[in-house]
Amino acid sequence: MAEPMTETTLRAAPQTEAVEYARRLAARTMRTWALMEREELVTAIVAELVANAVRHAGTALELRLLRSPGRVRVEVRDRAAQMPRMTVPGPLDESHRGLFIVDRFATSWGADPVSGGKVVWAEVTI
């Protein structure tokens, strides 16, 4: 029997359409992995991290979804060196909610500098 798919990747230009492509890929992947009960959490995290990369980095980006025992990891790599900062939005703020949402939905998250940019990641327990 073949090993189940444990990783999927999307490379995208820094355009708003990348968010929808990434969201669709995440939803499809979670269904393929039979993890529908976590699909909404993972797709929300993916959408926020990709939107942040498009808005703040403005460089080509790469989304990776990795499944390992007990967790799904979302990674978004871009070519900007500036690390993300979470801000707590006010009740009327319509922006600056991305990492606040990720922080609420993910089991853990962070950002790591890598050669030529950074990787922002989040993990969801399954």
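The values are calculated or read from the model by the stated rules, or taken from the named source; none is laboratory data. As the structure is a computational prediction, the values presented were derived from the model and not from experiment. Here Cβ is always computed from backbone atoms with ideal geometry, including for glycine, and neighbour counts include all displayed protein chains. SASA here: full protein model, heavy atoms, side chains in, ligands and nucleic acids out. Shrake-Rupley method; radii C 1.70, N 1.55, O 1.52, S 1.80 Å.
Largest first, the three principal axis extents of the alpha carbons in the range 9-83 are 33, 22, 17 Å in whole numbers.
Quick one: pull the percent of accessible area on the range 1-120 belonging to carbon and sulfur, 1.4 Å probe, ligands and nucleic acids left out. Kindly include the intermediate steps, with their values, before the conclusion.
Details: 3640 of 7160 Å².
Carbon-and-sulfur percentage of accessible area, whole number: 51.
Could you give the accessible area per residue of the chain, probe 1.4 Å, as a whole number in Å²? Don't jump to the answer; show the numbers that get you there.
Numbers: 7360 Å² over 126 residues.
For the chain, the per-residue accessible area is 58 Å².
Put one equal scatterer on each alpha carbon of the chain, apply the Debye formula with no solvent term, and list log10 I(q)/I(0) at q = 0.14 1/Å to two decimals. Reported log10 I(q)/I(0), two decimals: -0.56.
If each DSSP helix of 4+ residues adds -39,500 (n - 2.57) and the sum is divided by the residues in the chain, what number results at 222 nm, nearest 500 deg cm²/dmol? Spell out each step's value before the answer.
Working: 3 runs with 38 residues, N = 126.
Result for the chain, helices only: -9500 deg cm²/dmol.
Could you work out how far the C-alpha centroid of the range 18-33 sits from that of the range 94-126, in angstrom? Their Cα centres are 17 Å away from one another. Approximating the spin labels as points 7 Å out from Cα along Cα→Cβ, the T107-to-Q15 distance works out to 3.6 nm.
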